[in-house]
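What follows is one structure encoded as structure tokens, with my remarks underneath.
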């Protein structure tokens, strides 16, 4: 069984494996993301890694991947993922939906929408 680029991307984020995420991103990347408080833009993998480090910082412990869903349509792929996170503010769930296109076997175009950290009991 093989995994998609999208699933690998989600698993890399959950593991905070920035080297793996970097490997999945094309050097000439077109990246945009929207979190509850900011719109992010990047044109290089290092900028995405910088954003991920702010979205999920050292105090955010990603304890579990609840869901990873992948799909493809037309010339795009989609990956949706939901993480259980614990930090100093308690327990949270975060969901992101990402649409992307492949370029030379890597993610070359990507758009992400994030739910933000939602508290759970």
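Tabulated values for the structure
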quantity: In the range 41-71, residue nearest to residue 85 (Cα to Cα) [restricted to those that are touching a residue at least 40 places away in the same chain (Cβ under 8 Å) and part of a strand (DSSP E or B)]; calculated: 62
quantity: Exclusive hit being in a loop (DSSP other than H, G, I, E, B), touching a strand residue (DSSP E or B) at 6+ places or on another chain (Cβ under 8 Å) and either in contact (Cβ under 8 Å) with a residue 40 or more places away in the chain or closer than 19 Å to residue 7 by Cβ (or both), set 116, 108, 80; calculated: 116
quantity: Residues located in the range 55-104, provided they are farther than 14 Å from residue 14 by Cβ and in contact with a helix residue (DSSP H, G or I) (Cβ under 8 Å, 6 or more places away or on another chain); calculated: 70, 77, 78, 100, 102
quantity: Some residue of the range 34-52 being within 18 Å of residue 102 (Cβ to Cβ), surrounded by fewer than 18 Cβ atoms within 10 Å (Cβ to Cβ) and modelled with pLDDT of 95 or more; calculated: yes
quantity: Residue in the range 90-105 that is on the phi < 0 side of the Ramachandran plot, surrounded by fewer than 16 Cβ atoms within 10 Å (Cβ to Cβ) and not in a strand (DSSP E or B) present; calculated: no
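The values are calculated or read from the model by the stated rules, or taken from the named source; none is laboratory data. This is a predicted model, so every value here is computed, not measured. As a convention, Cβ positions derive from the backbone with ideal geometry for all residues, glycine included, and neighbour counts pool all protein chains shown.
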